[in-house]
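First the structure, in the form of structure tokens, and then the observations on it.
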């Protein structure tokens, strides 16, 4: 008992000594951080911070230190890999929205025709639909700010139209030449990543994914379940033009096609330990023929998904060699509201293939390589499958030989259609007159769509190609391609694109791709694979 009493007397003093010692130790550690000595010497003030401080305190004129810091960070990024990027605050929100799968706004699509903002689509049950905005309305003002009188960029118009959820946008519009005001309460607008999902025939489904966002797996599953209910036994999964996004969404999708606990992908870097991603649950489509469509713009998460299914002999890859982005980025927020997306590891397929192509000759050469592929003829010839055999070889269980270090090479090559890349044709397709022609035709013929039961019916039975072409001829101006001199094949291509854009007004992207796919070489090749 005496011992316990003595301990009780001394305990407060012991606690006080421990607290003082702890404070002293904390001070020494903090001092080490600032002086460059001690455990945290790696966090010392570097020359860059010293230079910024000197400029701030001694420079002859006033300067924006935040701007200087941003430029310094951007310059550092140029000496890293091509995919590590610095995002200033003004760009960060848009970059995050792109992968979030939604944004806050009024829920319309618009285009600029004759320097006027025209509403070309209103999201069903969205804020603008509920407020009574209609396709064909011309937006003249937003909350009193004029959108006429000078040329406006798309981004400038977005800044006026978008805003916080719950805020009001008073739109001065012209409808059939008559002015009126439509007040819209802004809301959260979903941006689907599944562009199209439909049955090509009674047994074959088709899904087109444009990116891997926060909502992509959920959208993908809804599309799959719907197609399976319609009798889908084979699937064409189109990842062409899909530049990637969140890897976990690709992993979850791969899990729906692979059985057991198969490895899907692993990541590893100098400062990142190896991490494996495996199947975790029974998949929705572990059996049934599967074709993945890819091209030179399929990248990152698209390559993770295609690579895993190729390694396990689960899918036939059709198209052209993919982009070759096998680097993992993590986003780190900075104190001024900006962020860094820093490469921390590399992707590897189940067999150990690196997806990333070389960037040792610098960012410009790295980005120019896509054009070099085309100019060298790689995208035009089936021999391209044999071109980059310098990488390490890998053998699959189905006796295929695969290569690492330069994207995903398809098992079946489909050359690029040169009529799609002719400069004058591209300029016409991407120009305002092309879209304006379709828009005018649609407004004149809105009742036309009533006779078509579905986008499939429209794709097969639409007979207005000649009228659409005449509308284009009336809309073109001097800087457009000379339509009288184009080839018969190019005219056919343009007419198909006009028809697809028209279908989009009624059936959105699903109708657009259903029309285009009706004569698409890769889709036709996929159907041949499935038919075998």
Residue 311 vs. criteria modelled with pLDDT of 90 or more and more than 24 Å from the chain's Cα centre (by Cα): yes
Per the filter on region 425-451, residues free of Cβ contacts under 8 Å to residues at least 24 places away in the same chain and either more than 17 Å from residue 137 (Cα to Cα) or not assigned by TED's automatic domain parsing to the domain that holds residue 488 (or both) are 426, 430, 447, 448, 450, 451
Look through region 172-187, keep the residues that are touching a helix residue (DSSP H, G or I) at 6+ places or on another chain (Cβ under 6 Å) and within 14 Å of residue 139 (Cα to Cα), and return whichever of them is surrounded by the most Cβ atoms within 10 Å (Cβ to Cβ). 184
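For region 82-94, which positions are without any contact (Cβ under 8 Å) to a residue 60 or more places away in the chain and either under 16 Å from the mean Cα position of the chain (by Cα) or buried (at least 17 other Cβ atoms within 10 Å of the Cβ) (or both)? Talk me through it step by step, then tell me what you get.
Step one: filter region 82-94 for residues without any contact (Cβ under 8 Å) to a residue 60 or more places away in the chain, giving 90-91, 93-94.
91, 93, 94, listed by residue number.
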Quick one: which residue in 258, 284 is out of contact with any strand residue (DSSP E or B) (no Cβ under 6 Å at 6 or more places or on another chain), in a loop (DSSP other than H, G, I, E, B) and farther than 24 Å from residue 328 by Cβ? 284
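Within region 187-194, identify whether any single residue is more than 30 Å from residue 237 (Cβ to Cβ), part of a strand (DSSP E or B) and at pLDDT below 95, and answer yes or no. Spell out how you get there, then give the answer.
Here is the first cut: in region 187-194, the ones more than 30 Å from residue 237 (Cβ to Cβ) are 187.
Now narrow it down to the ones that are part of a strand (DSSP E or B): 187.
Applying the additional criterion that residues be at pLDDT below 95 yields 187.
Among the residues of region 187-194, at least one is more than 30 Å from residue 237 (Cβ to Cβ), part of a strand (DSSP E or B) and at pLDDT below 95, which makes the answer yes.
Conditions tested, residue by residue: (1) surrounded by 15 or more Cβ atoms within 10 Å (Cβ to Cβ); (2) without any contact (Cβ under 8 Å) to a residue 40 or more places away in the chain; (3) out of contact with any helix residue (DSSP H, G or I) (no Cβ under 9 Å at 6 or more places or on another chain).
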| site | (1), (2), (3) |
| --- | --- |
| 197 | yes, no, no |
| 208 | yes, no, no |
| 220 | yes, yes, no |
| 230 | no, yes, yes |
| 243 | yes, no, no |
| 257 | yes, no, no |
| 280 | no, yes, no |
| 289 | yes, no, no |
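Residue-by-condition table, conditions (1) at pLDDT below 90; (2) part of a helix (DSSP H, G or I):
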| site | (1), (2) |
| --- | --- |
| 453 | no, no |
| 458 | no, yes |
| 469 | yes, yes |
| 479 | yes, no |
| 507 | no, yes |
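Residues are listed down the side, and each one gets a yes or a no for (1) surrounded by 20 or more Cβ atoms within 10 Å (Cβ to Cβ); (2) at pLDDT below 85; (3) under 30 Å from residue 378 (Cβ atoms):
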position	(1), (2), (3)
409	yes, no, yes
416	no, no, yes
419	no, yes, yes
427	no, yes, yes
431	no, yes, yes
436	yes, no, no
463	no, no, no
466	no, no, no
Being in the same structural domain as residue 287 (by TED's automatic domain parsing) and surrounded by fewer than 20 Cβ atoms within 10 Å (Cβ to Cβ), is that true of even one residue in region 163-171? no
Can you name the condition, by its number, that residue 268 falls short on among (1) within 20 Å of the chain's Cα centre (by Cα); (2) touching a residue at least 12 places away in the same chain (Cβ under 8 Å)? (1)
Taking residue 373 as the residue in question, decide whether it is part of a strand (DSSP E or B), more than 21 Å from residue 527 (Cα to Cα) and in contact with a helix residue (DSSP H, G or I) (Cβ under 9 Å, 6 or more places away or on another chain). no
Mind checking which residues of region 388-407 are buried (at least 16 other Cβ atoms within 10 Å of the Cβ), modelled with pLDDT of 85 or more and part of a loop (DSSP other than H, G, I, E, B)? 407
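The values are calculated or read from the model by the stated rules, or taken from the named source; none is laboratory data. What you see is a predicted model, and the numbers here were worked out from it, not measured in a lab. Methodologically, a virtual Cβ is constructed for each residue, glycine included, from the backbone with ideal geometry; neighbour enumeration extends over all protein chains shown.
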